[in-house]
Amino acid sequence: PSHRSHEDRVLAAVRQALVAAGYCEAMTISFVSTEWSDAFTPWSAEPPLSCQTALLRGADRLRRSLIPSLLGSIRANEAVGNKGVQLFESAHGYLPRPGTLPEEPRLLSLVSQRDLMATKGVVEGILRRLDPSIVAEWQPWNHPLVTPGQGIQLKIAGVK
């Protein structure tokens, strides 16, 4: 018999909570354009890994974040009249490390056009569902991709 791993059970709980909150799960490709790769890189200052044959025109960099792709998906939805779309994705990012293979952490990202406090409430609900003893620390956060005053950073046990 087989069983789901701890990571699979946690991801299922997160997916269920986000879908219940009105989010749709997105699946974006791992390669992005240089512009998108450079737009948001909070976990690595190293240049992105690249390939010589792009899967899509200009998409020749391995993503270091899911956020630019999700924002691109929001923009594509708006372009065809789908307003108020809320998306999330759980996938690997590729963080270069000099002289060795990249680190490939599993990332969870969500984008929403909701009020900041509503989105924060969704994240807090997920944390409570996973472990009621988790203490979340929220701090203001500014970035050019985020409306001024509408960005916050979450730390759990001092880790971003």
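Output the number of the condition that P68 fails; it satisfies all remaining conditions of (1) within 18 Å of the chain's Cα centre (by Cα); (2) farther than 27 Å from R128 by Cβ; (3) open to solvent by 20 Å² or more (accessible area, probe 1.4 Å); (4) not acidic (D, E).
For P68, the failing item is (3).
In the range 129-151, how many are hydrophobic (A, V, I, L, M, F, W, C), open to solvent by 50 Å² or more (accessible area, probe 1.4 Å) and not in a loop (DSSP other than H, G, I, E, B)?
Result for the range 129-151: 2.
Going residue by residue through the range 56-68, is there one that turns out to be in contact with a helix residue (DSSP H, G or I) (Cβ under 7 Å, 6 or more places away or on another chain), modelled with pLDDT of 90 or more and assigned to a helix (DSSP H, G or I)?
Yes.
Among the residues of the range 30-41, write down those that are of a type outside the set (V, I, T), open to solvent by less than 90 Å² (accessible area, probe 1.4 Å) and either in a loop (DSSP other than H, G, I, E, B) or without any contact (Cβ under 8 Å) to a residue 12 or more places away in the chain (or both).
S30, F40
Say whether the condition of being touching a residue at least 60 places away in the same chain (Cβ under 8 Å) and surrounded by fewer than 18 Cβ atoms within 10 Å (Cβ to Cβ) is met by at least one residue in the range 93-107.
Taking every residue of the range 93-107 in turn, at least one turns out to be touching a residue at least 60 places away in the same chain (Cβ under 8 Å) and surrounded by fewer than 18 Cβ atoms within 10 Å (Cβ to Cβ).
Which count do you get for residues in the range 42-64 that are open to solvent by 50 Å² or more (accessible area, probe 1.4 Å), closer than 20 Å to Q153 by Cα and in contact (Cβ under 8 Å) with a residue 24 or more places away in the chain?
Final tally of qualifying residues: 2.
Filter the range 109-128 for residues that are closer than 19 Å to C24 by Cβ, of a type outside the set (G, A, S), assigned to a helix (DSSP H, G or I) and in contact (Cβ under 8 Å) with a residue 24 or more places away in the chain and give the result.
Selection gives V122, V123, I126.
The values are calculated or read from the model by the stated rules, or taken from the named source; none is laboratory data. What you are looking at is a predicted structure, and each value in this text was computed from that prediction instead of being measured. Note that we place each Cβ from the backbone using ideal geometry, even for glycine, and neighbour counts take in every protein chain shown. For the accessible areas, the whole protein counts, side chains as well, though only heavy atoms, and no ligand, DNA or RNA atoms are used. Shrake-Rupley method; radii C 1.70, N 1.55, O 1.52, S 1.80 Å.
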